[in-house]
Structure formats: structure tokens, C-alpha cells
Amino acid sequence: MIVGTRYGNQVLVPSNQLLNPAGERIEFPGRPVDIALSPNKDVLAVLLPTTVRFFTASGEPLRTVRLQIASFAGLAFTPDGIWIVSSQLGPGGNHSIAMADVKGEYGVAYMPVPRNSAPTGIALDRAGANIYVALNRMNTLGRLEIATGEVVQTVPVGIAPFGVAITPQGNRLFVTNWGGRRPEAGELSAGSAGTRVLIDERGVASSGTVSVIDVASFRVLAEVPVGLHPSGIQISPDGRLAAIANANSDSLTLLDTGSLEVVDTIYLPAFPQGYIGSTPTAVAFSPGGEWLYVACSGNNAVAVLERQGQSYALRGFVPTDWYPVALAVSPSSKGDMVHVANSKGIGSRNATRLFRVSQALGTVNIFSGGTASIAEPDAVSFTNHPFQNATAPTDSPQNLKELGIEHVFLIIKENRTYDQVFGDLGQGNGDPNLTLYGWQVTPNQHELALQFATLDNFYTSGAVSADGHQWLTQAMVTDYIERAHAGYPRSYPFDGTDALAFAPSGFLWNNAYGFGLSVRIFGEFTVPVSPQTRTWVEYLRDSEAPVRQISERSRGSGAVWDTFVEPDYPAFRLYVPDVWRARVFLDKFQEYVRQGNLPNLLILQLPTDHTEGTVPQAATPAAMVADNDLATGRIVEAISRSPYWPRSAIFIVEDDAQDGVDHVDGHRTVCLVVSPYVRRGVVDSTHYNQTSVLRTIEELLGMPPMNKFDAAALPMRSLFVKEPDLRPFLALPNRIRLDTLNPPLTALNGRERAAAQDSLAMNFKLPDAAPEEVLNRILWHTARGWDLPYPPVPHGPDCPKDD
């Protein structure tokens, strides 16, 4: 099966999960973050990045209202059903609560909340006079008075409040806090959007709480510990229980709203069982309270629980589309009708043959609940389990550990699609019409693909650097990151500087260290310490000098212990050429060779294929990609000529594929696997992705999986053979001068000048901080000429435009 291709109702997505949802599917552009039903249950509202879409309860489209930028969540009808209220991220930090009338007669009103406060979950009182909103970045709950349009009260709650629910009696508010309680003196903590968060020794957030507020006094009555990363919350129809989805604990907490005691904690298993990753994120009671539904985002399923005494019992699961994040339940003649908003929907495919990772197709599934749900013993058969689509050849090892590989190198690059680099390879499923950095720019990567294996069916698991680096180091992403896609109001944690972004299962290096393996990290999840003092050209010269004269310093970001970090290797700095990074690494590598102490796991960041657009006097995009290619070739050659080669494997992969177009899927990207044990000269079209890389590394080094995603991933056994071929790789020289710089602004006119001005306005100090749609167009034209039109990719109001 090919990613995105439909087989009836089934769709294979890049995460290697086969979607086959129950009930009806509604599709629309963009990634939904919340859903709500009108008080009379006849209108369904879906909150998307820049719109709210209205449907009938059965899924017929009604109208679409354009808004600003959606927050993590926050959508509710007023009690009279006339207005829809949503949390919005405005430009310049001017965040607000938007009110739009359902029929479209009055337009949209924006009521301001404190700047940069990131409004999230909302609840209205019974009179419809007040909106209670979680101000996520301020760690407070606000009361917004609709009559005045102003926030008139705030009260401190836990860290990063998300969900808000009010009792039917209107006397108490319950707020879930992603980051839990505030750390006390002497406790381990790390930063998240300016707030210290309680963490464990791995740097992972280790507290989750629910704040309880008395409505009359607007004071906190209690802060109740629950599971980790508590997300969705709802009060039962009788007001007796609060149900809380604990995304990082794979559990559901039932809290007595009167006594504030935990009634029950219910485990919601992932598949395969025994590993964390079901990721419960949203809850909804049936109108009568007999049933409780929980969106298990990691399972692509809704858990169905039946009331049993004072608690609820798990009865089964219903399959959904990709990453369900919000639920609403309405009564019908057939029983409960469950409405599920799926953030990733069916992936980034559309009706054309040109795809970008940002062209998401979100969905809503509608199915009958209650007794129509699937029995738990059979859930694994119906819950979109990973698609195992290949059997390794007979000459491949059944367990990669038996190969005796002791040293694994993971090289992480930035943002390219498969077709951008390998479209002109001459073998495999490539489209040369979409190639920007082919043979002339990337001869080493092309030669590696030909000499070893061409992987033309390999995908990123995430969409951008914020989730791409998490997938490549953790094999999963937290609900916080999945919900942030519209605007990233807290942080953009590509570098591991936000504790809320870290998976409960930890990182690949934690896994290795815990099993007695040695680790060294070069650039990944590090932050710079030294100031910028030199230019691109000066670094290029220094990379060829007999003795390096330039120095860089970096440290661990919080996700990485400093003891793992090579401090002389630079963090993400695009003015530092990758050949200089390669020189730093190879100097250290030769030291390892001399001393005989090469670590088991080495992770390297080579980021310059990100490029800096056409910033005047910066390196040209082609020069930066060529620099990245030469660095890659030199590193592989050095390893393959060393005494460690017979026991080594090298994985070279992009963090994401967001900066380009691909004719198969926007997630398809470059992956190279190099080792004496890798099958030579083949095209392998097995469906693999980033979690396959991690699972393969774990199996090679004898480590267990970290969570459900790498546990279920298909190891890349088809690439490996039992007998080694020890021929080394010889790096090819660059065909483009690496010191080729963009012209100064004064030398440019017309479209080239406009592109340079656009590039000057972009932020290249961080990955992906430049406007994706503008940068992609610049890269296309600088590579293919200004007269060749940019590939047409469909877009809607909730997907980035190309023009």
C-alpha cells in the first residue's frame, strides 16, 4: 500500500498506521483542534487553524467563518445556541476570545485577553454572561465578562492550564494543568515558556494536576494530583464526577466533584499492549451519563466505557482517523451519536499529484456509540494498528542484534522531501520535475543511495521541526506539540528547551544509557554558548586548515545531559557550514580511534540543508545543500575507513519534509542507511518511517522499545544481510563552490530583489521560523529559474498558501 492511497475507507498514513474508521467521515482542509455541539444538538462546530466550520449533526456542511489563528483548543456554544465562542491567537501576541454568530448575521467580535496569554479551554456559565478561559502561558484562569468584553478576574492555577469544565450547578470550575504543580525549592525543574516545570531526571515533566475553583469567590479550593499531562475534562451530566484524560499516563481519572477525592484511575491500553502511547486527550459523557467516551489519540481510537457502580468500566474501542483530539456526543433514535475531530485526519494527500506536508486533510468521524462499540478483546483487530507490509528476505537476519554491530551513528538533517533530492536519481520512484538539489548539488547522497540502498517509500512521522526532532529522538510526540501546529504559542521546541514537549517514555539516549551503552551527542538538542564572531567563508577556510583556529561552544538544552554533549560541536547555527561541523566531529572521531573508546550511540546534527533563502551575502541555497552533502560524504568515508567500520551502522535522515513538494506524499523524505551489512545496490520500497529507524537502532544495539510507536514500527531488516561487504565509501568532491554567496541587494532587481528582501525579513536563527510558503517558493525559483511556475498545490483557509 502507498501512503495516502484510499482502499475503500482505509488509508495508510505516514506513521505506518492503517486507518479504517467506524461510521461516517467528513473531510476538510486543515487540522482541527476542538469540536462542539449546539445546546439543542443540531449544529456541529469544528475549530480549525483559521476558521470554524459548521455542520449539521449528521455531517452536512452549513457554513464556514474565517477567524484569526486557533489556540491549542477552546470552543463552546453560548447557552442560547446563537453564538460560538473560540480561543484565538492574534498577530503580535494580541490574543482573544472570538464570538461568531452561527447564522452569519452579525459577524465576528474579538474580546481581548492578556497579551501572549494563549487562551485555551473555555466554559460558559448557565446564564451565558461569563466565559471562563484557561490562560495557558499565564498559568491562570480568567473570567471574561461578555457584556463588557473584558477579562475582569484572574486566579492562579497550575502550570499550563488547558481544559476547563463547570459543574451543572455552576458552583465549581475544574481546570486541567498540563505542567501540574509548581516546583518547590530543591526539586528538579526546567523551563517551559518562561515557567519552571517539575521534571524527572530525564528532563520529562513529572506532575499533572487539576485546579478546583469556587465560582462565587473565584478562589482555588484545591489542586488535585492526577496523571501526567492532563488534557480534556468533562463533568458528568449529574454533576457528580469530573473525567480527566491523562495524555502522558495512558489513563483516565474520575474525580468526585464534591469531596475532590479520586474515585478511580482507569488504564487505557495502547496497542501493542505493555507500552505507553494510547495518549488519552479528550472525554465526553453520553447525555444520560451511562457511557463515557475517551479519545485515545495514539491509538487512533475512541475508548468506550460503561457506568458500573460509582465508576466506569472499559468495554472496548472504536477506530477513528488519525489522532483524535476532541469529542461531542448527541442523542439520536439509534442511541448516542459520537462526533470525533481528528487532528491529522487522513494525512497530507489531496486530489492532485503534488503534495506538501502542510496540506493536511482533517476529518470528523460520526458513529453510533454505546453497545455498538467493539469488544475489548478484539480491539487490536479493529484499532488502526500499524500496517506490517513486508517480510524481510530470507538472507536478512531475523534479529539484527546477531550482526554484532556495536556503534550506531544517527545523522539528522533539515526539511527536504525525497523528490527535491532524489527525483533525478534514475532509479526508484522519483519525479525529476520536482528536483531542486539533484546530482550536481548532492553527489555524495546520490552515490550512497546507489551503492547501498535507495529507500523510495520512507516518511517522516511529523510535519515540522517542532515535532520532527521529537519523533526522531523519542518515537512519539506529546499532545501539547500535536495541538500547537496552528501557532506554537508556548514554544517551538526543536532544540529540546521545553519540558512539556518531552514524551513520558524519554529519549533514545535515555534508553541507551539505561541499558549500559555509551552516548555522545553532537549538536542535537543543544543550545549555543559562544557568540557569533566569524562568517560562513571563514568557517569554510578553517575546516580545511591543518589545525582549527575557530571554536564553538554548546551545552545540553535540558532534554540532553551535558555529560552526553560534545561541547565543541555547534548547535543550530546556519552560518556555520556543515563541513566545519564534520571537521569537529572527525577530529573527535580520530581521537576515539586512537583511544579505542568509540561510544555505542552517536547522534549528529547537520542542519545547513535548511538554507537561508537568498539573504544577501549569505551562502546560496545550493551552496548550503552542497556543503551539507560534502559533510555527509566525508563523515561516512571516515567511518568506513576506520577500524570500527565492521561493527558500525549509519542512519542519515531528515527531521521533516516541510520545505518542498513530493509527488507521493508531503511526508516522504530522504533516508540513507550505510553499513557493511546493508544490502548493496538495491531499491527497497518497503514502507518505513522515522520510528522504523529508531526501532532498527534499538534492535541493533539490543535495546527495548521506548513506547508503542517504536514497539510497533517495522524494523528495517530487509536492508540488512548476514555477511558483510567491507568496501569503504569514497566521498565525492563538491561540484558547486561552497563559498558561493547570494548577491548584495544593490545588485538585484525585480523578483530576485523581492526574494532577497523577503529573505532578509526571515528569522534563520531557528529552524522553520521563516514563512514556509514564501521560503519554499524562493528555493524553487533559485533552483529551477524564475520563469518556471511553482508547482500548484491546493490550499484552503486552514492550510498555508503558496501565493
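The values are calculated or read from the model by the stated rules, or taken from the named source; none is laboratory data. Nothing here was measured: the structure is a model prediction, and the numbers come from that model. With ideal geometry, Cβ positions are generated from the backbone for all residues, glycine too; neighbour counts draw on all protein chains shown.
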Exercise for the section: Would you confirm whether any residue within the stretch 139-161 is farther than 21 Å from residue 247 by Cα, touching a His at 6+ places or on another chain (Cβ under 9 Å) and surrounded by 20 or more Cβ atoms within 10 Å (Cβ to Cβ)? Expected result: no
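Report yes if residue 462 is assigned to a loop (DSSP other than H, G, I, E, B), at pLDDT 95 or above and either out of contact with any Ser or Thr (no Cβ under 8 Å at 6 or more places or on another chain) or not aromatic (Phe, Trp, Tyr) (or both), otherwise no.
So residue 462 fails the test.
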Practice task
Go through (1) of a type outside the set (Gly, Ala, Ser); (2) surrounded by fewer than 16 Cβ atoms within 10 Å (Cβ to Cβ); (3) in contact with a Leu (Cβ under 9 Å, 6 or more places away or on another chain) and name the single condition residue 80 misses.
Solution key: (3)
Practice task
For residue 150, state whether it is in contact (Cβ under 8 Å) with a residue 24 or more places away in the chain and of a type in the set (D, E, K, R).
Solution key: yes
Exercise for the section: Determine, yes or no, whether residue 475 is under 18 Å from residue 708 (Cβ atoms), in contact (Cβ under 8 Å) with a residue 12 or more places away in the chain, in the same structural domain as residue 693 (by TED's automatic domain parsing) and touching a Phe, Trp or Tyr at 6+ places or on another chain (Cβ under 6 Å). Expected result: yes
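Evaluate the following for residue 253: is it within 31 Å of the chain's Cα centre (by Cα), over 21 Å from residue 122 (Cα atoms) and surrounded by 24 or more Cβ atoms within 10 Å (Cβ to Cβ)?
Spelling it out, it is not the case that residue 253 is within 31 Å of the chain's Cα centre (by Cα), over 21 Å from residue 122 (Cα atoms) and surrounded by 24 or more Cβ atoms within 10 Å (Cβ to Cβ).
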Exercise for the section: Output yes when any residue across the stretch 551-574 is of a type outside the set (A, V, I, L, M, F, W, C), assigned to a helix (DSSP H, G or I) and crowded, with 20+ Cβ neighbours inside 10 Å, and no when none is. Expected result: no
Problem - Some residue of the stretch 529-549 being surrounded by fewer than 23 Cβ atoms within 10 Å (Cβ to Cβ), in contact with a strand residue (DSSP E or B) (Cβ under 7 Å, 6 or more places away or on another chain), over 25 Å from residue 626 (Cβ atoms) and touching a residue at least 24 places away in the same chain (Cβ under 8 Å) - result: yes
Exercise for the section: Provide a single number: the residues in the stretch 714-730 that are at pLDDT 95 or above, in a loop (DSSP other than H, G, I, E, B) and of a type outside the set (D, E, K, R). Expected result: 8
Practice task
Please give the strands (runs of 3 or more DSSP E) falling wholly within the stretch 119-222 in which 1 or more residues are modelled with pLDDT of 95 or more, over 30 Å from residue 511 (Cβ atoms) and within 22 Å of the chain's Cα centre (by Cα).
Solution key: 119-124, 159-166
Fill in the blank from the handout: Expected single match for within 28 Å of residue 525 (Cβ to Cβ) and modelled with pLDDT of 95 or more among 425, 448, 434 is 448
Completion exercise
The condition of being touching a Lys or Arg at 6+ places or on another chain (Cβ under 6 Å) and more than 25 Å from residue 320 (Cβ to Cβ) holds, among 93, 107, 4, only for 93
Completion exercise
Taking the stretch 165-209 and keeping only residues that are over 24 Å from residue 77 (Cβ atoms) and β-branched (Val, Ile, Thr), one is left with 195, 197, 199, 204, 209
Practice task
Determine if the stretch 210-228 includes at least one residue that is crowded, with 17+ Cβ neighbours inside 10 Å and closer than 20 Å to residue 313 by Cα.
Solution key: yes
Exercise for the section: Check whether at least one residue in the stretch 580-589 is assigned to a loop (DSSP other than H, G, I, E, B), among the hydrophobic types (A, V, I, L, M, F, W, C) and surrounded by fewer than 23 Cβ atoms within 10 Å (Cβ to Cβ), and report yes or no. Expected result: no
Exercise for the section: Identify, by number, the condition in (1) crowded, with 20+ Cβ neighbours inside 10 Å; (2) under 16 Å from residue 131 (Cβ atoms) that residue 53 doesn't meet. Expected result: (2)
Handout entry: Selection status of residue 443, surrounded by fewer than 22 Cβ atoms within 10 Å (Cβ to Cβ), more than 26 Å from residue 232 (Cβ to Cβ), out of contact with any Gly (no Cβ under 7 Å at 6 or more places or on another chain) and modelled with pLDDT under 95
Key = no
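Out of all the residues in the stretch 433-456, is one or more under 23 Å from residue 341 (Cα atoms) and assigned to a helix (DSSP H, G or I)?
No, that holds for no residue.
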Completion exercise
By residue number, the members of the stretch 616-632 that are of a type outside the set (D, E, K, R) and crowded, with 24+ Cβ neighbours inside 10 Å are 619, 621, 623, 624, 625, 626, 628, 630, 631, 632
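Given the criteria buried (at least 19 other Cβ atoms within 10 Å of the Cβ), in contact with a Lys or Arg (Cβ under 7 Å, 6 or more places away or on another chain), more than 23 Å from residue 247 (Cβ to Cβ) and free of Cβ contacts under 8 Å to residues at least 40 places away in the same chain, does residue 130 qualify? Don't jump to the end; show me each part of the working.
On the way: buried (at least 19 other Cβ atoms within 10 Å of the Cβ): yes; in contact with a Lys or Arg (Cβ under 7 Å, 6 or more places away or on another chain): yes; more than 23 Å from residue 247 (Cβ to Cβ): yes; free of Cβ contacts under 8 Å to residues at least 40 places away in the same chain: yes.
Here the answer is yes, as residue 130 does meet what is asked.
Restricting the search to the stretch 284-304, which residues are part of a strand (DSSP E or B) and surrounded by fewer than 24 Cβ atoms within 10 Å (Cβ to Cβ)? Give the steps one after another, and end with the answer.
Of the stretch 284-304, the ones part of a strand (DSSP E or B) are 284-285, 291-296, 301-304.
Passing the criteria: 285, 291.
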Practice task
Among the numbered conditions (1) of a type in the set (Lys, Arg); (2) part of a loop (DSSP other than H, G, I, E, B); (3) closer than 26 Å to residue 357 by Cα, tell me where residue 483 comes up short.
Solution key: (2)
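Name the residue that is farthest from residue 433 (Cα to Cα), counting only residues in the stretch 637-685 that are in a loop (DSSP other than H, G, I, E, B) and free of Cβ contacts under 8 Å to residues at least 60 places away in the same chain. Walk me through it before giving the result.
Here is the first cut: in the stretch 637-685, the ones in a loop (DSSP other than H, G, I, E, B) are 641-644, 655-661, 663-667, 670, 675-677, 679-681, 685.
Next, only the ones that are free of Cβ contacts under 8 Å to residues at least 60 places away in the same chain stay: 642-643, 676.
Details: 642: 39, 643: 42, 676: 33 Å.
Ranking the candidates gives 643 first.
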Problem - Test result for residue 782, exposed (fewer than 15 other Cβ atoms within 10 Å of the Cβ), of a type in the set (Ser, Thr, Tyr), more than 27 Å from residue 30 (Cα to Cα) and not assigned by TED's automatic domain parsing to the domain that holds residue 652 - result: no
Problem - When residues of the stretch 383-422 are limited to those that are at pLDDT below 75 and either within 25 Å of the chain's Cα centre (by Cα) or within 22 Å of residue 640 (Cβ to Cβ) (or both), the one surrounded by the fewest Cβ atoms within 10 Å (Cβ to Cβ) - result: 388
Handout entry: Lone unmet requirement of (1) under 24 Å from residue 507 (Cβ atoms); (2) within 26 Å of the chain's Cα centre (by Cα) for residue 665
Key = (1)
